[in-house]
Amino acid sequence: MKVNFLYKSVFKLLSLLSLLVIFNTYGSEHISFGTVSHGEKRIDLRVKDFKIHSSLPFKLYSKIRLKKNSIQWIRTEDVLLIPRARLIIDIKAQAEDFNLRYAGHSILPQQKKEMTHIELFVSLFSKEPIEVIRDGKKIGEIKVEAKSVRTGRNSHLIDFSCSKYNIETKGLENQFLSIGCRSHRIGKMGNEKPMVEILWATPNYRLLDKSKPPYISIFTNSNPLKVKVQNRNEKKVFKIKADIPKRLHRLNIAYGLGPYVFETTFQDEKKDKKEVVIDQPIAPALMLYFNYKLDKKNSIRGFDAVVFQESTFNNLGIYYASDLASTLDGKLTFTSLLGVQHLHFKFNNDSPTISEPIFPQGLEINYNHAFNIPNYLIGGGAFISPSESYDYQNIWIRWGKGIFWELNYIYWAKDEFSAKTWGLSAGFFFGGFL
């Protein structure tokens, strides 16, 4: 038996897309140079929110500005979003006399008519000076500084990587602030807890030792963290509060319930292969899901789908799931599913029972934090079997947060038997274990 051509083509296309996304680029050490990973815009930031300070000699005619609409958000350390923008520097002089020093790099200008012309990306949160060198000697500096934020404006970006921890801050209400989170499992297997690194950066305030951001606050419990920060004129106390779970589980279990359409057929050889059809427009369907996390990108997943009325269909599967790649700022993930299933089918009380392993393989695509709602998931996937001895198709679409919904279609056929079922189920988290 051969699988539907359209179904097979879609599966091949999804596989090709997952391979292409593998070449997605990731962040470099500095956001101004080299290959970087672009993040999405989460707060409204404009070049007019920043001011430029220059100590170049007054007699040296210069025009320095941030390029309008040039702000980009760059993901650093995998979790922290930092804005950068294009700084344009024009000096009325010969380009061969000048160079800049910024972020450990020497940058050489071009000649643009009578002007020395330079464009470069600068971090809007670093306050790192750009040194202007003429004939080998430093003649001045250029700095970019954020203006104060008006009351009521959303100026704090808390990344989706922190969505589990209910981050709250106090002390920098009128300043731009970016926060990202990453976690580690600590403790013995079966009694693990999280250690959460909260990374944060703000453009104008620094620790008292004037070290550069990002700063890392490490949480192993929910006790708040307080730290003194300062700018040129004042000191403040910055406070971070986070809800840190006391326990991390590797095994998570959920279940689903829903009415399904259920149609089964049997070609009776005793009656010259006359097809007998049992059409059950409303049949109860029970679903069970489990996920055992090995690490952040790999897990053992399983499911059990049971649909029954006059006929009984039970489809059990266990799979090694591996995240192949991600894109769209890490929201869209492609996951391979390699494993085995067991299929149990009984047409009616008088028919033989089929109970055997099958070997379809799958691909899943998930889009997390959809509609900018933390942890809201929209995903889907498919299993396809390479076997010629039976047909098997399993396609699903899943969406939700906490309670989730799943639209599922399953078709199986072998010899004189076939079963087709589809429907909508509601899924519920049962609990975490191990």
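The values are calculated or read from the model by the stated rules, or taken from the named source; none is laboratory data. Just so it is clear, the model here is predicted, and its values are computed rather than measured. So basically every Cβ, Gly included, is an ideal-geometry build from the backbone, and we count neighbours across all protein chains shown. Calculation scope for accessible area: heavy atoms of the full protein, side chains included, ligands and nucleic acids excluded. Shrake-Rupley method; radii C 1.70, N 1.55, O 1.52, S 1.80 Å.
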Find how much the distance from Glu197 to His53 grows on full extension, using 0.36 nm per residue of separation minus their present alpha carbon separation; answer in nm with one decimal. 48.5 nm
Potential lengthening between Lys236 and Glu40 on full extension [0.36 nm per residue; Cα-Cα distance subtracted]: 67.6 nm
Whole-Hz ³J(HN,Hα) for each residue in the range 112-121, computed from phi via Karplus 6.51 cos²θ - 1.76 cosθ + 1.60 with θ = phi - 60°, x for glycine and proline: what do you get? 10, 6, 8, 10, 7, 10, 9, 10, 8, 7
Loop-only check: which trypsin sites (Lys or Arg not before Pro) in the range 265-365 are DSSP coil with at most 11 other Cβ within 10 angstrom? Lys273, Lys296
Most fluctuating of Leu328, Leu108, Leu363 in the GNM of the chain (C-alpha, under 10 Å) is Leu108
Along the range 324-339, what does the Karplus equation 6.51 cos²θ - 1.76 cosθ + 1.60 (θ = phi - 60°) give for ³J(HN,Hα), rounded to whole Hz, x for Gly and Pro? 6, 6, 9, 8, 6, 6, x, 6, 9, 10, 10, 10, 8, 10, 10, x
Calc'd 3J(HN,Hα), the range 139-151, phi into Karplus 6.51 cos²θ - 1.76 cosθ + 1.60 (θ = phi - 60°), Hz, glycine/Pro = x, comes to 10, x, 10, 10, 10, 10, 10, 7, 7, 5, 9, 5, 4
Of 381-387, 134-140, ordering from highest average Cβ density within 10 Å down gives 381-387, 134-140
Out of Val229, Phe428, Ser155, whose Cα points farthest toward the positive end of the dipole of the chain (charges: +1 Lys, Arg; -1 Asp, Glu; placed on Cβ)? Val229
One would report the Cα pair-distance distribution of the range 112-245, bin width 10 Å, in %, as 10, 34, 27, 16, 9, 3, 1
Just how large is the dipole of the range 63-186 about the Cα centre, in debye to the nearest 20, putting +1 at every Lys and Arg Cβ and -1 at every Asp and Glu Cβ? 340 debye
How would you rank 402-408, 51-57, highest first, on the average number of other Cβ atoms within 10 Å across their residues? 402-408, 51-57
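Rg/Rh for the range 85-189 to two decimals, with Rh computed the Kirkwood way over all alpha-carbon pairs.
Here Rg/Rh amounts to 1.18.
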For a quick protection proxy, order the peptides 41-48, 251-258, 309-316 by their average other-Cβ count within 10 Å, most packed first. 309-316, 251-258, 41-48
Which values of log₁₀ I(q)/I(0), to two decimal places, follow from the Debye formula for the range 293-340 at q = 0.23, 0.27, 0.33 Å⁻¹ with a uniform point scatterer at every Cα? -0.82, -0.96, -1.12
Under a point-charge model restricted to the Cβ atoms of Lys and Arg (+1) and Asp and Glu (-1), what is the dipole moment magnitude of the range 194-349 relative to its Cα centre, in debye to the nearest 20? 1640 debye
Cross-link partners of Lys226 among aspartates and glutamates (Cα-Cα below 13 Å; sequence separation of 8 or more within a chain): Glu168
Accessible area of the chain belonging to carbon and sulfur atoms, whole % at 1.4 Å probe: 56 percent
Extending each Cα 7 Å along its Cβ direction at Val261 and Gln94, get the distance between those two points in nm, one decimal. 8.1 nm
Check: the chain dipole with +1 on Lys, Arg Cβ and -1 on Asp, Glu Cβ, in debye: 3020 debye
Once Kirkwood radius over Cα pairs in Å is worked out from the coordinates, which option in (i) 22.4; (ii) 28.6; (iii) 26.0 does it equal? (iii)
Of Pro259, Thr312, Tyr292, farthest towards positive along the dipole that unit charges on Lys, Arg, Asp, Glu beta carbons give the range 198-324: Tyr292
Shape of the range 250-379, Cα gyration tensor, a/c cut at 1.5: prolate
In degrees, nearest 10, the alpha-carbon axis of helix 5-21 is tilted away from the dominant principal axis of the alpha carbons of the chain by 30 degrees
Taking Cα pairs closer than 8 Å and at least 6 residues apart, the relative contact order of the chain in percent is 11 percent
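In whole Å, what three semi-axes, largest first, describe the equivalent ellipsoid of the range 327-434 built from its Cα gyration tensor (square root of 5 times each eigenvalue)?
31, 16, 13
How long is the gain from Phe433 to Leu324 if the chain were fully straight, where each residue apart is worth 0.36 nm and the alpha carbon distance is subtracted?
36.6 nm
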What distance in nm separates the simple spin-label points at Val227 and Asn291, each placed 7 Å from Cα in the Cβ direction? 3.1 nm
